[in-house]
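Colleague: The following block contains the structure, expressed as C-alpha cells.
Here, each number is a calculation from the coordinates, and none is a lab measurement. No experiment lies behind these values; they were computed from the predicted model shown. Methodologically, a virtual Cβ is constructed for each residue, glycine included, from the backbone with ideal geometry; neighbour enumeration extends over all protein chains shown.
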Amino acid sequence: MENLPAELIPILQFLLPGFITALVFYNLTSHSKPPQFERIILALIFTLFIRLLVSLSKLIFLYAGNFVIIGSWGPITESFWSIIISIFIGIIFAFISNRNYVHGYLSKIGVTTETSYASVWVGVLSKHETYVVLHLQDERRLYGWPKDWPSDPTSGHFNIWKPAWLVSREENGSEVTEKQPINGVSAMLIRATDVKWVEFMEFQKEKKNATE
C-alpha cells in the first residue's frame, strides 16, 4: 500500500467488497482468473450490486429500529455488512455456477448452448456421477470411482477409489474383460497427463458403497 498513489487508495477501498466476492467465487469454482482489467470491471459490478444490498439492509434495520433497539448504524456497521454480503454473494454465485442452474434453464428454452462450467471437461466430470475407466498412456486401463478429479486435464490428479485393473483375454474365440482388484489398496492417485481418455460407466447402485 505504501507504493500506491494516494488517489488510488480510496478507489481500492471502494472496490474492496467486489474483490472479496470475486475472490470467494474463483476459489470455489474451477474458473480461471481473468486478466487484471477484467477483474477490476468485475469487482466494480459486484461492488455496485453489494452496495445496493447494503443500502437495502440499512433501510430494513432503521425501520426495525422503530420497534426494537438493535444498535446504531455507522461506518463500522456498514463495513461489517458489506463484508458479510460480499462473502454471501460470492458463495451464491459459485453455487449457481457449479450447478449450471442458469445456463441449464436457458439452454432448455433455446436461449444458449453454453454452460456455466469452466470447461467441457469440468462439466462432464461434474454431471456423470458414476464409475469410470481411465485409459492410461501405457495402454493399461484403471477402473474405479472418481472421488476427486483435476479441473484442468493438463495438470493435477485423479483420486480413484476402489481401483481395479481391467484385463482382456481370449475365451472361446471372443474377448473377455475382467476386473482385477488391487489388494490392500483403497485409492490411487493418477496424474491427469497420464490419462488418454475417460470412459463413464452406466449408473451403478454401488455408488453409495464407493463413497463411504
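Colleague: Can you give the helix-only mean residue ellipticity at 222 nm for the chain, where every DSSP H stretch with n ≥ 4 adds -39500 (n - 2.57) and the sum goes over all residues, rounded to the nearest 500 deg cm²/dmol?
Modeller: -15000 deg cm²/dmol
Colleague: Let me ask another. Suppose R0 equals 22 Å; then what is the FRET efficiency for Ser168 and Asp194 from their Cβ-Cβ distance, rounded to the nearest 0.05?
Modeller: For R0 = 22 Å, the calculated efficiency reads 0.65.
Colleague: Can you give me the relative contact order of segment 84-173 as a percent, contacts being Cα pairs under 8 Å and 6 or more apart?
Modeller: Computed over segment 84-173, the figure is 17 percent.
Colleague: Once you put a point 7 Å from the Cα of Glu78 and another 7 Å from the Cα of His157, both along the Cβ direction, what distance in nm separates them?
Modeller: 4.9 nm
Colleague: Order of 166-179, 145-158, 26-39 by packing, highest average Cβ count within 10 Å first?
Modeller: Output ranking for 166-179, 145-158, 26-39: 145-158, 26-39, 166-179.
Colleague: Check cross-link reach from Lys58 to the aspartates and glutamates: straight Cα distance under 12 Å, and skip same-chain residues fewer than eight apart.
Modeller: Hits, sequence-local ones excluded: Glu78.
Colleague: Straight distance only, please: which aspartates and glutamates reach the Cα of Lys127 with their own Cα at less than 18 Å, same-chain residues fewer than 8 apart left out?
Modeller: Reachable aspartates and glutamates: Glu114, Asp148, Asp152, Glu199, Glu202, Glu206.
Colleague: How much length is gained if the chain between Tyr63 and Gln36 is pulled fully straight, taking 0.36 nm per residue apart and subtracting their Cα-Cα distance, in nm to one decimal?
Modeller: Net length gain for the segment: 5.7 nm.
Colleague: If you average the sequence gap of Cα pairs under 8 Å that are 6 or more apart and divide by the length of segment 8-105, what percent do you get for the contact order?
Modeller: Relative contact order of segment 8-105: 42 percent.
Colleague: Restrict the search to segment 40-131; then list the chymotrypsin sites (Phe, Trp or Tyr not before Pro) that DSSP places in a loop and that have at most 11 other Cβ atoms within 10 Å of their Cβ.
Modeller: Phe67
Colleague: When only Cα pairs under 8 Å and 6 or more residues apart are kept, what is the percent relative contact order across the chain?
Modeller: 16 percent
Colleague: Any idea what log10 I(q)/I(0) is at q = 0.12, 0.13 Å⁻¹ for segment 1-89, Debye with uniform C-alpha scatterers and no solvent?
Modeller: Here log10 of I(q) over I(0) equals -0.45, -0.52.
Colleague: While we're here: Tell me the label only: which of [x] 20.6; [y] 15.4; [z] 14.4 is mean projected area of the Cα convex hull in nm² as calculated from this structure?
Modeller: Comparing each candidate, only [x] matches the computed number.
Colleague: What spacing in nm lies between the two simple spin-label points modelled at Lys127 and Thr177, each 7 Å away from Cα in the Cβ direction?
Modeller: For the pair Lys127/Thr177, the computed spacing is 2.2 nm.
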